[in-house]
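Here is the structure we will look at.
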Amino acid sequence: MEEEPLRIGKIKKKVERTLGFSFPGDRSLLVSQTYLDELARRKPDAYLAYIEEASSIVSDPDFVSFEIEKETLTYYRTYFDKDFVAVGVTFIPMGVPKQWNLVSLKKNPFVEGEVKRVKEIKPKKD
């Protein structure tokens, strides 16, 4: 029997308004034990930091997108250091009843569909 998934956030009303789409049912954003185990295997020294970053992005994204046909919901955060970097956290609904599960956490992800700005990005002041 698989352990309960880790809840790292929920789909907020602000995200729904931004996307112009209402998500029915449970809006929790989850990480399955299987995903955690795989991430821990691939990144044993950093997997907890990856999950913390995913949770942080979900709680305060710069952009979001929802691809209706593929049922993928992606949260994005942008960073400006020496280069522009974007990190995408993607969820898809799985199971019965459907629950939003993390399937991808990528730096500079390929973007599909329309991406909508959630908040105004302000440049860093020196």
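Every number in this text was worked out from the coordinates using simple rules, so none of it is lab data. Every value quoted in this text rests on a predicted model; they were computed, and no experiment measured them. Every residue, glycine among them, receives a Cβ derived from its backbone with ideal geometry; neighbour counts consider all protein chains shown.
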Scan of the stretch 48-85 for residues that are closer than 15 Å to Lys107 by Cβ and of a type in the set (Ser, Thr, Tyr), ordered by number: Tyr50, Ser56, Thr74, Tyr75, Tyr76, Thr78, Tyr79
Residue within the stretch 51-65 that is over 15 Å from the mean Cα position of the chain (by Cα) and either in a loop (DSSP other than H, G, I, E, B) or within 13 Å of Ile8 (Cα to Cα) (or both) present: no
Selected residue (criterion: nearest to the chain's Cα centre (by Cα)) from residues of the stretch 6-43 that are surrounded by fewer than 15 Cβ atoms within 10 Å (Cβ to Cβ) and of a type in the set (Lys, Arg): Arg7
Pair list, Cβ < 8 Å and 6+ apart or interchain, from the stretch 78-102 residues that are in contact (Cβ under 8 Å) with a residue 40 or more places away in the chain and crowded, with 17+ Cβ neighbours inside 10 Å to residues that are among the acidic types (Asp, Glu) and assigned to a strand (DSSP E or B): none
